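Working notes, structure below.
The values are calculated or read from the model by the stated rules, or taken from the named source; none is laboratory data. Computed from a predicted model, the values in this text were never measured in an experiment. All Cβ positions, even for glycine, are placed from backbone atoms using ideal geometry, and neighbour counts span all protein chains on display.
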Amino acid sequence: MENLNKVINILLTIKKASISINDDAVFYIHKDKVDEIKKYLSENGVEINDILHGDQIEIERSFYIQNNIQPYKDFKNYFNRFELSDFGGRTIIILQEGEQDTVVFNNNEIPTSYFFQSGKQDFKAPNYYFLKKIIEIFFPRIVDYIDSTHNKYILLSPECGKFEIPAGNISEIAGIEKSLEDTYKAIEKILSFQKGWEPIIKNRIIRGLEVYTKPEEYFYWLIGNLEQFVTTTIRDYDVFSASHNHETILERYEHEKDIFSDKIRTVLERVSTNLLSIPITFSVALFGLREINEKWLINIFIIALFVFVFFSCSIQGLFIMELNIIRKEIHAKKDYFLKLLPTLNDYFNNISKPQLQKITLLQVLTGLIIVAFIFLCYYLICNYINSPIKDR
């Protein structure tokens with residue numbers, strides 16, 4: 001910063017001794033000041049173009065390059081020659097503005113411009129920078145095409161039809177005593193959104209401008225109210241996104257509900273199969289025991305039956321555990337979707353309740369099957385394993 005101030009002071013000193021400055025930053029010095037300025041520049045190690053003679057002094061370009069400076073004669077020169085690519089690499093100096101001042105447009109992350117040495121804030125330089133970005137970056141997202149012949153921006157809307165905005169001179173708008181920084185911050189925010197906001201802002205712009213009776217002033221009214229247009233569009237888009245997300249989340253939960261229903265249905269089929277196996281197993285066991293007359297065969301048959309019951313009960317226990325896992329998954333999914341839509345607590349509870357009740361019923365039924373198998377095994381063991389053959 002200290003080095004920048006020194007460089008600006010050198011330029012300001014030459015400017016004060018000048019009659020005028022041309023577009024190529026050549027200083028036309030008062031004749032009685034030429035030798036003094038040349039000596040001053042030599043003492044400060046500033047080289048000048050030796051080709052020029054008389055009262056003309058042009059500082060070598062290397063001086064600007066070494067100090068990261070891009071000079072412009074005045075705002076008109078700046079407006080005509082400035083490109084977005086010029087900003088960021090060098091500090092922009094607008095020389096011939098104010099008798100005792102020169103404008104410094106810093107290449108900070110947030111563009112700032114001020115008069116050196118008075119320190120007064122300048123809006124023109126950064127506003128022109130923001131306007132260039134609006135025209136080159138934002139307009140292509142909302143303008144359907146540009147009528148170059150008549151110098152107009154064309155907006156097409158299914159709701160509002162075709163709307164023409166005659167292009168304006170952004171250098172005139174840059175001179176307003178108001179920073180466009182907040183306007184462009186709002187634009188940066190909306191540009192970060194996915195597609196879908198463009199029709200919303202086009203409708204707002206058309207409805208906002210069509211009430212004015214002077215089409216030649218549409219462009220200026222648009223820029224002047226652009227921050228409001230963007231802000232209200234962001235609000236409307238948030239409402240639209242929330243509604244869209246609302247529907248998407250409900251669809252996703254319905255899909256998850258179907259998955260859980262399939263899982264519960266699969267367990268139910270397995271439980272039903274085991275439920276039917278109880279009377280079949282009991283009938284086979286009774287029939288087998290009545291037909292067997294050898295004691296050792298009876299014992300082997302009952303031991304085999306015991307092993308079968310043990311494995312059946314183990315499988316039933318696995319069904320209960322599987323149902324517990326499904327129950328936890330339902331609760332986990334419900335909690336997840338509640339975080340996305342906390343206002344629909346009752347809705348998610350009502351959707352989940354029948355599934356949770358079905359799981360509880362299946363777990364009770366599975367428990368009863370286990371008890372029935374154990375009772376069957378106990379009954380047969382008590383009545384046949386130690387009973388004499390003749391007692392049957």
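If you go through segment 1-45 and keep only what is surrounded by 19 or more Cβ atoms within 10 Å (Cβ to Cβ) and among the aromatic types (Phe, Trp, Tyr), you end up with just Phe27. In this structure, Lys189 does not satisfy being within 24 Å of Gly161 (Cα to Cα), in the same structural domain as Pro140 (by TED's automatic domain parsing) and modelled with pLDDT under 90.
When segment 33-47 is filtered for residues that are more than 58 Å from the chain's Cα centre (by Cα) and either among the β-branched types (Val, Ile, Thr) or outside the structural domain of Lys15 (by TED's automatic domain parsing) (or both), only Val34 remains. Looking at segment 124-145, which of the residues that are in contact (Cβ under 8 Å) with a residue 12 or more places away in the chain and not in a helix (DSSP H, G or I) is farthest from Asp182 (Cα to Cα)? Here the answer is Asp144. Of a type outside the set (Lys, Arg), assigned to a loop (DSSP other than H, G, I, E, B), under 22 Å from Glu172 (Cα atoms) and touching a strand residue (DSSP E or B) at 6+ places or on another chain (Cβ under 8 Å) - does that describe any residue in segment 82-91? Yes.
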